[in-house]
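Okay, so here's the structure we're looking at.
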Amino acid sequence: MLSRLFKRPEDRLAEQEKVQESLAKTRRGLFGQIGGLFQASELTEETWDDLETLLIQADVGGETSAKLVERMRRRVQALGIKRAADARAIFEQELIRLLNEHRPPKDDMERLLTIIMVVGVNGSGKTTSIGKLARLYKQAGYKVVIAAADTFRAAAVEQLVIWGERAGVEVISQGPGADPGAVVYDAIRACQETRRADVLLIDTAGRLHTKYNLMKELEKVRNVCATRVHKAPHEVLLVLDANTGQNAIPQAKHFKEATQLTGVVLTKLDGTAKGGVVFAIGEELGLPVRFVGTGEKITDLAEFNAEAFVAGLFER
């Protein structure tokens, strides 16, 4: 049902341009150096070594970097390419191929209510991302409601209400310290009985007294969704801060153990000079990047597109 997002060509083009603009710092950083490798006269053994080193430094990760370089070497050799400039197109194709290996499954199922859980640690941009997602789905023609189920952090509900107002959607909440499961239960009932909502976005706790308590709470919220709506939650999106680089991977694995993640929202893409963690997310976690945060405004959220992302990594 939610595949109606960004159907118009002009919408797709605007989103792609926004992603490429947000990659300016990354383009001038390590990926700029990677692009410089392909300006040499010919490919040498040193070229391959330098490429793998720069990929690792750009947060692509050791295993993923080695896989990329090996794939590229095999193709270059099979095609008989000798000049470095001629190998650049092969490199970009392999980057796109890697990202597209973990595309989200197409969801055209018609349902009365789609439930999307949003998880992630405090400070990752989770609350901001929920506001941006709410606006995005509303712009696509859906009636959206937000459930404020992060009741542990005192300011979480207030912040979410502010973002809900900016997006023009209702936020259903209870007082601080309320049972998150009860908040979600009430929100689902409201969506079904009075609000007639199409999409319910659920904010969840990003910190509790222990990691064990946090993961158990996320499981509880998920179970409430499952008992109230068929096959819910239909999406579980993990919000990760691009600036944390490789540190985002073990963080993501903890959430993956507790919830059945379906994708990643990568925030603060405009603030990192590396950006290679996008490739590591797919390869090491088996998850697609679904959306990327491209700035601080409520409109600064783009649906992820592998071709646009790779094009934005290099100067043209």
Q | Whichever residue in segment 256-276 is modelled with pLDDT of 90 or more and hydrophobic (A, V, I, L, M, F, W, C) and, among such residues, is farthest from the chain's Cα centre (by Cα) | A | LEU261
Q) Scanning segment 91-131 for residues that are under 21 Å from LEU287 (Cα atoms) and among the basic types (Lys, Arg), which turns out surrounded by the most Cβ atoms within 10 Å (Cβ to Cβ)? A) LYS126
(Q) Looking at ARG316 and the list (1) touching a strand residue (DSSP E or B) at 6+ places or on another chain (Cβ under 9 Å); (2) charged (D, E, K, R); (3) modelled with pLDDT under 90, which single condition is not satisfied? (A) (1)
Q. Looking at ALA148, ALA156, ALA140, which is the one that is surrounded by fewer than 20 Cβ atoms within 10 Å (Cβ to Cβ) and touching a helix residue (DSSP H, G or I) at 6+ places or on another chain (Cβ under 9 Å)?
A. ALA140
Q | Filter result for the condition that a residue is within 30 Å of GLY276 (Cα to Cα) and either in contact with a Gly (Cβ under 7 Å, 6 or more places away or on another chain) or among the hydroxyl-bearing types (Ser, Thr, Tyr) (or both), over GLY123, GLY131 | A | GLY131
Q. Just for segment 231-248: of the residues that are of a type in the set (D, E, K, R) and outside any loop (DSSP other than H, G, I, E, B), which one is nearest to ALA134 (Cα to Cα)?
A. GLU235
(Q) Within segment 52-69, does at least one residue satisfy the condition of being in contact with a strand residue (DSSP E or B) (Cβ under 9 Å, 6 or more places away or on another chain) and either at pLDDT below 95 or surrounded by fewer than 20 Cβ atoms within 10 Å (Cβ to Cβ) (or both)? (A) no
Q: Pull up segment 8-43, narrow it to residues that are among the β-branched types (Val, Ile, Thr) and under 18 Å from ALA242 (Cα atoms), then point me to the one that is surrounded by the most Cβ atoms within 10 Å (Cβ to Cβ).
A: THR26
Q: Pull up segment 232-255, narrow it to residues that are more than 16 Å from VAL118 (Cα to Cα) and over 14 Å from the mean Cα position of the chain (by Cα), then point me to the one that is surrounded by the most Cβ atoms within 10 Å (Cβ to Cβ).
A: GLN246
Q) Quick check, is THR299 more than 18 Å from GLU15 (Cα to Cα) and surrounded by fewer than 23 Cβ atoms within 10 Å (Cβ to Cβ)? A) no
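The values are calculated or read from the model by the stated rules, or taken from the named source; none is laboratory data. Remember, predicted model here, so these are calculated numbers, not experimental data. Every residue, glycine among them, receives a Cβ derived from its backbone with ideal geometry; neighbour counts consider all protein chains shown.
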